[in-house]
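Asks: Got a structure here, written out as structure tokens. Questions coming.
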Amino acid sequence: MKKRILGNGLEVSALGLGCMGLSFAYGPATDKKDAIPLLHAAFDAGITFFDTAEAYGPFANEELLGEALAPFRDKVVIATKFGFKQGKPDQGMDSTPANIRAVAEAALKRMKTDYIDLFYQHRVDPNVPIEEVAGTVAELIKEGKVRHWGLSEAGAITIRRAHAVLPVTALQSEYSLWWREPEQEIIPVLKELNIGFVPFSPLGKGFLTGAINESTQFDSTDFRNVVPRFSEENRRLNQVVVDLLKDIAAEKQATPAQIALAWLLAQGEGIVPIPGTTKLSRLQENIGAINIELSADELTAIEKATDAITIQGARYPQHLMARVGK
Ligand SMILES: NC(=O)c1ccc[n+]([C@@H]2O[C@H](COP(=O)([O-])OP(=O)(O)OC[C@H]3O[C@@H](n4cnc5c(N)ncnc54)[C@H](OP(=O)(O)O)[C@@H]3O)[C@@H](O)[C@H]2O)c1
């Protein structure tokens, strides 16, 4: 497995594993007896970067990772996140120093470890200056409880302010062939400051793989039921981007998911996508993206073609859009 460096020194596998879907957001949680072998298979295949958050479950996903990754704890990088009241996104933000500390302590217990490799603020808290957040994380780093920190869905000004207090190792924000906004302002700032970029939902929450169409029925608890981009009508209209990926995949003897990931990997050495899956065959398929090289001409063709497509529907429901890019 190829490795990449985030920020000034966090080495991880070039592709990480997003673990949210094992416990949260896309229907019922995966049974532990299936989830643990999947996590072990990821490690056996060379993945050393695992993404979780206290909010995933809440709490269950951190517990799962703690148990599954314990046998090789010192060989993996576990990223987790703080910043919601009681760990629940629907309760609003809480990045007060007391909450950051409490989440760190609880996450360490749940993950049965004595350090968090990468601790992200899950969303910027409008009520707590980012300098105060950075200062609190700096103390946790001094105490040896945290090794690196990051932000998620933060705007350029916040990234700069945060980095000035405590160097930021990575930004984790949505980025994929159907959400390229970070190219405008965010990626240039990350490159300038040498901050890594961890694109979340790199497969467009599954849509870019071609496995979802207008007749797909999501479980009643699936978050995609409330995402405008996933309305039945928009799934029909947005198939055009999947058709494009299918054509390129056919030419490259690859799958649409692999092309979506290979394109992200080609955007820069400091980029480490974290696709999520609950299925072993898809894990292996996604890892295959690492060996797909897209030439400069192919990348230009992909970008030109996606530029010509207007994706229909917002990537979050309106009340959650208010939390991103701050
Ligand atoms: N910081 C944040 O605010 C934030 C927000 C969202 C996500 N994240 C992180 O990013 C990770 C990845 O994002 P994500 O899970 O939202 O989206 P994603 O990785 O773009 O897509 C995951 C979805 O795609 C499906 N899938 C995966 N590989 C596939 C393949 N080869 N063929 C067909 N379907 C495939 C999965 O279904 P199956 O399970 O059925 O395979 C799942 O429903 C999360 O696990 C989480 O750790 C962070």
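Asks: How do the helices (runs of 4 or more DSSP H) wholly within the stretch 273-326 filter down when requiring 3 or more residues that are surrounded by 15 or more Cβ atoms within 10 Å (Cβ to Cβ) and near the ligand (Cβ under 10 Å from one of its atoms): which remain? If you could, list the steps in order and put the result at the bottom.
Replies: On the way: elements: 280-287, 296-307, 318-321.
Passing ranges, in order: 280-287.
Asks: Among the candidates G57, G27, G46, single out the residue that is more than 14 Å from the ligand (Cβ to nearest atom), touching a Ser or Thr at 6+ places or on another chain (Cβ under 7 Å) and on the phi > 0 side of the Ramachandran plot.
Replies: G46
Asks: With the requirement that a residue be over 27 Å from A102 (Cα atoms) and part of a loop (DSSP other than H, G, I, E, B), what does the stretch 24-83 give you?
Replies: Y26, G27, P28, T30, D31, A45, G46, I47
Asks: Could you tell me how many of the residues in the stretch 247-272 are in contact with a strand residue (DSSP E or B) (Cβ under 7 Å, 6 or more places away or on another chain), outside any helix (DSSP H, G or I) and either among the polar types (S, T, N, Q) or crowded, with 23+ Cβ neighbours inside 10 Å (or both)?
Replies: Total satisfying the criteria: 1.
Asks: Follow-up. Exactly one condition in (1) free of Cβ contacts under 8 Å to residues at least 24 places away in the same chain; (2) surrounded by fewer than 20 Cβ atoms within 10 Å (Cβ to Cβ) is not met by P126; state its number.
Replies: Only one criterion in (1) free of Cβ contacts under 8 Å to residues at least 24 places away in the same chain; (2) surrounded by fewer than 20 Cβ atoms within 10 Å (Cβ to Cβ) is unmet by P126, namely (1).
Asks: With (1) of a type in the set (D, E, K, R); (2) modelled with pLDDT of 95 or more; (3) in a helix (DSSP H, G or I) as the list, and D117 as the residue in question, which single condition is left unmet?
Replies: The one condition D117 does not meet is (3).
Asks: Follow-up. Mind telling me which of the residues R180, R160, R224 ends up being surrounded by fewer than 24 Cβ atoms within 10 Å (Cβ to Cβ), farther than 20 Å from I100 by Cα and over 20 Å from the mean Cα position of the chain (by Cα)?
Replies: Just a single option satisfies the conditions, and that option is R160.
The values are calculated or read from the model by the stated rules, or taken from the named source; none is laboratory data. Computed from a prediction, not measured in an experiment: that's the story for all the values here. Cβ coordinates were reconstructed from backbone atoms using ideal geometry, including for glycine residues, and neighbour counts include every protein chain displayed.
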